[in-house]
1. Go through segment 59-83 and give me each residue that's polar (S, T, N, Q) and open to solvent by 40 Å² or more (accessible area, probe 1.4 Å).
2. Counting only residues that are in a helix (DSSP H, G or I), touching a residue at least 12 places away in the same chain (Cβ under 8 Å) and open to solvent by 40 Å² or more (accessible area, probe 1.4 Å), how many does segment 23-36 have?
3. Residues being in contact with a strand residue (DSSP E or B) (Cβ under 8 Å, 6 or more places away or on another chain) and open to solvent by 70 Å² or more (accessible area, probe 1.4 Å): count how many of those fall in segment 84-106.
4. Testing residue 126 on (1) over 22 Å from residue 77 (Cα atoms); (2) at pLDDT 90 or above; (3) open to solvent by 30 Å² or more (accessible area, probe 1.4 Å), one condition comes back false. Which one is that?
5. Checking residue 51 against (1) surrounded by 23 or more Cβ atoms within 10 Å (Cβ to Cβ); (2) farther than 21 Å from residue 88 by Cβ; (3) modelled with pLDDT under 95, only one condition comes out false. Which one?
6. Among 135, 179, 131, 157, which is the only one that is among the polar types (S, T, N, Q) and at pLDDT below 50?
7. Specify which of the listed residues (28, 116, 80) is within 14 Å of the chain's Cα centre (by Cα) and at positive phi.
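The values are calculated or read from the model by the stated rules, or taken from the named source; none is laboratory data. From a predicted model like this one, the values you see are computed outputs, not experimental measurements. Because the Cβ atoms are built from the backbone with ideal geometry, glycine has one as well, and the counts that use them run over all protein chains shown. With ligands, DNA and RNA removed, areas are computed over all heavy atoms of the protein, side chains included. Shrake-Rupley method; radii C 1.70, N 1.55, O 1.52, S 1.80 Å.
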Amino acid sequence: MFSIFNKPQPPREDGPPAPVRTLVAWNANSLHTRIERNRAEVSNFLKSHTPDVVFISEVRFPAAGGPFKKDDGKPRTRGALSSATAQLATEAAAIKTFVETHGYRSYWSLSDSKYAGTGLLVRRACEQPTSVRYSLDDGAAAGAHHPEGRVILASFSSFECLGTCTPPRVHSCARPARSLCTPSHLADPTLIHG
């Protein structure tokens, strides 16, 4: 994990929401696996650095719905963790418990299967996004997600935070199905890339 700020801020328990001061980007390479195998290290990092916002790339957890097969065209709830099987339900509960125990609210953009996917954790004591988008397509509907869950754009009162999970060896917007092209309305976003 990489933090652009080094001064941890203690969590606020009451009063108005604290402004967002610390941002962290993390390529988890399977959030559930990291929680199961590296719980102590991740917990210690979150407790000692108290990041206000954590962008997670490669969540690798399927979107709610199903069970379905990848690319079958059936609808998914891409902003929610799947509980389609007993194992997925157990894993989703472990992720939710971990996130809530550490004082965060979660925003998810997930794929059809345990592939790609992004998450944004915002400390509950902090200012929450005024809006969240999950696609960089200017023409996309408000709740539309990138099909592989590769984008989260959170608008806060004083900045925008764009987190992406970019596939390897994609260097241009010439392949729009797999590329992430910056839309024209983003003047000066805070970029976090995992």
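1. The answer is 77, 83.
2. 1
3. 2
4. It is condition (3) that residue 126 fails.
5. (3)
6. 179 is the lone residue from the list that is among the polar types (S, T, N, Q) and at pLDDT below 50.
7. Values: 28 fails: at positive phi; 80 fails: at positive phi.
Criteria check complete, one pass: 116.
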